[in-house]
Amino acid sequence: MLVEVKRINKREINVVTSLDVAETFEKEHRNVLADIRGIKTNISSAEFSALFFESEYTGTNGKKNPMYYMNRDGFTLLVMGYTGEKAMRFKLAYIKQFNAMEELFKGKLIEREKGIVVRQALTKALQESQENERMHGHAYSMYTNVIYKSIFGKNAKQLREEYGVGKNENLRDYFSEEELKAVQSAEMLASGLVGYGWGYEQIKAFIMENVPKQLAA
């Protein structure tokens, strides 16, 4: 059974699905749904919506069927009544997996915070060098596309299409911790070169040639 990161209500959350719970604990999915709905009748709407997130999946017959995502607390509340040695082993394994995912998630959040500072430094360097004015306000997006191309082989628009990310969402929320570190490293490099007086074409050529080598080192 898989703990995955799901973007729900504009936040990334570690979740499992009711389908996974049914398969792992060898229960009918309809019975797991009934268990979840039983919880819903016994707690407030606000409490329930903080633990379980209603969704749907497409069955083998092409029909849309209900399912739920749940965070660690929702999972714990749901399965605490499941009994037997196998159930106990899976409960412990799941809690351990959730904890591991949360540790990884903390690392990602740290990199996102660091990335904001790095991005601000690049923006300031572009403004002070008049690159942004020369590029009619598009300097940051142009430099970002160069950095993305050097790391992912795709520009921001292509990455958004690949990840299914809308224009109003932050693309970097979908990057892994290592990918965030790579972007930050390249942005710091670009910021330094801009401050040193290099122009866009020089920096573009240098980053495209050298950033992948740096990341592979």
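The values are calculated or read from the model by the stated rules, or taken from the named source; none is laboratory data. Because the structure is a prediction, the values reported are computed rather than measured. When we count neighbours, we look across all protein chains shown, and the Cβ atoms used for this are built from the backbone with ideal geometry, even at glycine.
Key figures
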| read-out | value |
| --- | --- |
| Hits in segment 34-55 - residues which are within 21 Å of the chain's Cα centre (by Cα), within 10 Å of Y68 (Cβ to Cβ) and not aliphatic (A, V, I, L, M) | F52, F53, E54, S55 |
| Unmet criterion (only one of (1) among the basic types (K, R); (2) within 30 Å of N71 (Cα to Cα); (3) at pLDDT below 85) for R134 | (2) |
| Test: residue in segment 18-39 that is over 26 Å from E177 (Cα atoms), outside any helix (DSSP H, G or I) and either at pLDDT 90 or above or basic (K, R) (or both) | yes |
| Which listed residue, of T41, T17, T83, is over 23 Å from K96 (Cβ atoms) and not aliphatic (A, V, I, L, M) | T41 |
| Considering residues of segment 68-127 that are in a helix (DSSP H, G or I) and hydroxyl-bearing (S, T, Y) only, the residue modelled with the lowest pLDDT | Y94 |
| Every residue from segment 44-93 that is loosely packed, with under 13 Cβ neighbours inside 10 Å, of a type outside the set (S, T, N, Q) and closer than 19 Å to I8 by Cβ | A46, E56, K64 |
| Qualifying residue in segment 118-128 (condition: within 30 Å of K6 (Cβ to Cβ) and surrounded by 14 or more Cβ atoms within 10 Å (Cβ to Cβ)) | yes |
| R7 vs. criteria at pLDDT below 75, within 19 Å of the chain's Cα centre (by Cα), part of a strand (DSSP E or B) and surrounded by 12 or more Cβ atoms within 10 Å (Cβ to Cβ) | yes |
| Filtered residue count, segment 129-143, keeping only those that are surrounded by 14 or more Cβ atoms within 10 Å (Cβ to Cβ), of a type in the set (S, T, N, Q) and part of a loop (DSSP other than H, G, I, E, B) | 1 |
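A quick yes/no check of all residues on (1) surrounded by fewer than 19 Cβ atoms within 10 Å (Cβ to Cβ); (2) within 20 Å of the chain's Cα centre (by Cα):
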| position | (1), (2) |
| --- | --- |
| N145 | yes, yes |
| G153 | yes, yes |
| V165 | yes, yes |
| A190 | no, no |
| W198 | yes, no |
| K204 | no, no |
| I207 | no, no |
